[in-house]
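To start, the structure itself, in structure tokens.
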Amino acid sequence: MSETASTKKQKKPLLNGRRAVPSNNSNAEENEVPEMEVFGLTPRGFNPKDYLHVVDIHLFKEPYEINKQEHHTDKYYSPKLIVRRGQPFQIQIDFNKPYEPGTDQFWLEYLIGRYPQQNKGTYIPVLVGDELKPGEWGAKIIHKENNSIRLSVMSAATCIIGKFRLYVAISSPFGIFRTRRNAETDTYILFNPWCQQDAVFLDDEREREEYVLNDVGVIFHGDVNDIKLRSWSYGQFEENILDACLFLMDKAELELSGRGNAIKICRVASAVINSRDNDGVIAGSWDNSYAYGVAPSVWTGSVDILLEYYSSRQPVRYGQCWVFAGVFNTFLRCLGIPARVITNYSSAHDNNANLQLDFYLDEEGKVDTKTTKDSIWNYHCWNEAWMSRPDLPVGFGGWQVVDGTPQETSDGMYRCGPTSVQAIKHGHVCFQFDAPFVFAEVNSDIVYSRREKNGTQVIEKIDMTHVGKLIVTKEIGGDGMMDITEEYKFQEGSDEERLALETAVMYGVKKQVTQDAVYRPQTDVDMDFQVQKAVLGSDFKVTITFKNKSQNYYSAIAYFSGNIVFYTGVTKSEFKNHTFNVTLEPSSSSTFDVPIKSSEYLGELLDQASFHFFVTARINETGKILAVQKATVLEIPMLHIKTQGETVAGKEMFVVVEFTNPLSQTLENVTLRLEGPGVLRTMKKDFRQIPANSTLTWEVKCTPKRPGLRKLIASLNCDALRHVYGELNVQIQKL
């Protein structure tokens with residue numbers, strides 16, 4: 001047996017007795033299509049060349065030609081035809097002789113996957129008619145000249161998203177002739193936010209420009225009191241990214257027949273973006289240990305991650321929430337689903353989804369780390385995707401939360417969404433998918449409680465406003481911040497907010513009322529503190545203020561705890577604790593400063609220079625406890641980028657990256673990374689050392705490909721210093 005025959009034999013699919021045709025869940029696989037199907041016996045002397053046959057097919061697939069221009073796909077770096085569904089496109093067919101409508105009959109065939117079937121939408125015969133119906137497959141002749149005809153082809157507004165193979169079939173009295181398999185005529189069909197019949201239709205051109213066509217974005221991080229931002233290169237149009245995104249659906253084994261449905265695509269993608277269940281794209285790491293990979297802060301965009309995964313088929317190490325969200329955004333925009341990255345400041349990770357984060361205090365008022373399991377992330381990034389929700393009642397379409405960061409399982413896999421933002425706002429958490437979890441992320445209360453010696457649990461304080469304090473995304477058409485908190489929740493304390501909470505509880509969200517707990521809020525004395533803004537490596541102070549609103553004299557013992565934390569709110573180590581006595585005069589305020597020296601925290605510091613401060617105080621006369629907690633982040637130095645020479649498409653230019661080490665120690669094993677979609681592919685350079693207070697300069701030569709306003713993004717990374725970024729907007733002129 002020949003080698004090809006044996007491999008064909010091995011490739012024969014295993015039938016399992018349950019279905020007549022094996023599952024069709026790979027866009028990459030193909031079937032063999034016969035070039036000729038004969039009807040019975042052919043007469044002697046029959047010559048196929050006597051009949052109409054195809055000489056050539058023109059798809060007008062250059063970026064400047066009509067199809068890519070009208071379908072907003074001219075930015076994709078791909079030689080293939082890329083169109084959006086539900087909108088006509090043009091093709092030209094050259095025959096061996098003039099086409100005669102009365103006697104000649106031909107049609108187009110679009111096939112996807114290995115087992116094409118007409119009823120599954122994976123085999124699509126397109127007949128030539130007199131008119132095109134909106135949102136339905138069809139073709140009509142719009143121009144005839146000599147041996148050529150030009151067709152306008154309409155795809156269905158519900159068409160499968162993916163790469164189709166095109167054949168032209170011609171009928172003769174003795175059989176059907178088809179064009180040969182030709183990869184040059186493969187056609188990609190994407191979602192179409194410009195088409196009213198498409199489930200992802202978005203009726204605002206500025207929003208479509210931002211949420212579909214913008215290939216660079218801004219991701220907000222830091223802390224609610226000290227918001228930081230960094231640019232992220234989505235790069236959805238870069239070479240091979242479209243194929244990499246289609247591969248993700250193959251990897252998730254999503255049936256091809258389900259790939260016209262944005263809801264299904266988002267749900268499976270939220271699982272395959274992370275590696276927890278199925279060796280998906282990115283492996284997460286939150287423990288400050290990045291062996292056999294790179295720190296999440298190194299990445300400046302999605303392209304390197306997706307291309308590495310597409311070639312290696314192995315999870316890329318490592319990511320944290322903004323990396324998952326950045327890559328997910330690329331996937332969605334690449335396929336044509338409008339998408340944006342969201343940051344929720346003070347995001348609750350409520351382990352038992354009871355709308356309550358429990359912080360247990362010991363007798364002295366310190367947090368008991370053994371019994372406190374819930375955590376508050378300084379921030380958490382997820383995505384929103386725009387689509388209609390025909391599976392839900394009217395009014396719950398529009399923006400949907402989807403989250404690729406693995407936090408909790410949903411239907412047995414680490415995934416989250418799509419969840420209607422409108423349903424979250426109104427407390428309708430009964431609607432799929434994962435609404436109770438997202439509702440808790442933005443609406444949980446923080447409950448401070450302690451157990452007295454007689455076993456009674458005393459609730460010292462309930463903070464109803466800390467969680468979900470600010471929810472933001474990038475503004476349309478600029479790099480500024482847009483506050484969208486009101487899209488997720490009504491104003492704190494309003495009647496509507498209370499009603500939304502009651503609705504959520506009615507629909508099954510657990511609102512735990514601690515049994516046998518006594519709530520004794522402290523009303524006489526208020527306590528708060530402020531953290532001085534500081535640059536990494538410098539000393540700073542925390543100022544604690546007590547306000548006695550009563551006519552009584554009080555004394556208190558206060559306890560200050562400073563912790564190095566992961567941005568997820570999980571403590572790595574306590575680096576400072578300080579106990580002091582407080583005397584409170586009637587109707588007066590007192591302030592106390594706690595100095596923080598750089599030597600106390602630098603050796604312990606983690607990726608994002610995050611601190612968590614906790615201040616508790618017990619009033620001696622009443623036994624009441626005051627508790628306040630805040631997260632804060634240090635200012636991290638920036639990279640500076642500048643260009644030298646003319647910035648013209650197709651001409652050589654220079655990019656210079658500069659960095660000054662602000663620390664009083666030498667930085668070792670430093671990696672610099674620079675990228676800019678349309679200007680240069682990602683470049684990396686390693687430096688062994690940057691001495692204290694010295695400046696490093698890196699010069700890069702490149703030739704920009706595309707004119708227009710482009711963005712350069714750089715990152716610096718080493719064990720002692722991470723999350724160092726820089727960016728520069730560059731106007732690339734036409735040649």
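The values are calculated or read from the model by the stated rules, or taken from the named source; none is laboratory data. The shown structure was predicted, so the numbers you read here are calculated from the model rather than taken from an experiment. Here the Cβ is made from the backbone with ideal geometry for all residues, glycine too, and neighbour counts use every protein chain on show. Surface accessibility is based on the protein's heavy atoms, side chains included, excluding ligands, DNA and RNA. Shrake-Rupley method; radii C 1.70, N 1.55, O 1.52, S 1.80 Å.
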Taking the alpha-carbon centroid of each part, what is the distance from the range 122-185 to the range 565-601 in angstrom? 72
Length gained if residue 553 through residue 585 is fully extended, taking 0.36 nm per residue and subtracting the Cα-Cα distance, is 11.0 nm
Per the 1/(1 + (r/R0)^6) rule, R0 = 25 Å and r from the Cβ atoms of residue 689 and residue 308, FRET efficiency to 0.05 is 0.35
Report the dimensions of the range 307-450 along its three principal axes from the alpha-carbon atoms, largest first, rounded to Å. 56, 43, 26
Residue span residue 103 to residue 654: 0.36 nm per residue of separation minus Cα-Cα distance leaves a gain in nm of 192.1 nm
Using each residue's phi in the range 204-211, evaluate 6.51 cos²θ - 1.76 cosθ + 1.60 at θ = phi - 60° and report the 3J(HN,Hα) Karplus result to the nearest Hz, with x for Gly and Pro. 10, 4, 5, 5, 5, 4, 6, 8
Estimated D of the range 569-620 in µm² per second, where Rh is the Kirkwood radius over Cα pairs and Stokes-Einstein applies at 4 °C, 1.567 mPa s: 93
Rounded percent of accessible protein surface that carbon and sulfur make up, the range 543-602, 1.4 Å probe: 48
Mean accessible surface per residue for the range 205-507, computed with a 1.4 Å probe while every protein chain stays in place, in Å²: 34
Within the accessible area of the range 687-726 (1.4 Å probe), percent carbon and sulfur: 46
Write down the accessible area per residue of the range 638-735 in Å², having rolled a 1.4 Å probe over the full set of protein chains. 49
Only residues of the range 159-197 count here: report those whose backbone N is under 17 Å from the spot 7 Å along Cα→Cβ of residue 21, or say none. 159-167
Ignoring ligands, DNA and RNA, what percent of the 1.4 Å accessible area of the range 368-426 is carbon and sulfur? 53
Fully extended, how many nm does the chain gain between residue 285 and residue 35 (0.36 nm per residue separation, minus their Cα-Cα distance)? 84.8 nm
Are there trypsin sites (Lys or Arg not before Pro) in the range 409-494 that DSSP marks as loop and that have at most 10 other Cβ atoms within 10 Å, and which are they? 453
Computed Rg/Rh of the range 598-735, alpha carbon atoms with Kirkwood Rh: 1.21
Using only the Cα atoms of the range 629-706, what are the Rg and Dmax in Å? 15.7, 54
Under a no-solvent Debye model with one identical scatterer per Cα of the range 171-224, what's log10 I(q)/I(0) at q = 0.16 Å⁻¹? -0.76
Write down the Å³ per residue value for the convex hull defined by the alpha carbon atoms of the range 270-332. 78
Alpha carbon convex hull of the range 525-633, volume per residue in cubic angstrom: 89
Where trypsin sites (Lys or Arg not before Pro) fall in DSSP loop in the range 31-114, at most 13 other Cβ within 10 Å: 44
Treat each spin label as a single point 7 Å out from the Cα along the C-beta direction, and report the residue 49 to residue 533 distance in nm. 8.0
Between the range 404-456 and the range 674-735, what is the C-alpha centre distance in whole Å? 39
Using a Förster distance of 30 angstrom, determine the FRET efficiency expected from the C-beta separation of residue 483 and residue 735, and round it to 0.05. 0.15
Over the Cα atoms of the chain, what Rg and Dmax result, in angstrom? 30.7, 117
Beta carbons within 10 angstrom, averaged per residue: use that to sort the peptides 326-333, 570-577, highest first. 326-333, 570-577
So if I restrict to the alpha-carbon atoms in the range 205-507, what is the Rg, and what is Dmax, the biggest pairwise distance, in Å? 19.6, 68
Please give every one of the lysines within straight-line cross-link reach of residue 251, meaning a C-alpha to C-alpha distance under 18 Å, and leave out same-chain neighbours fewer than 8 residues apart. 163, 264
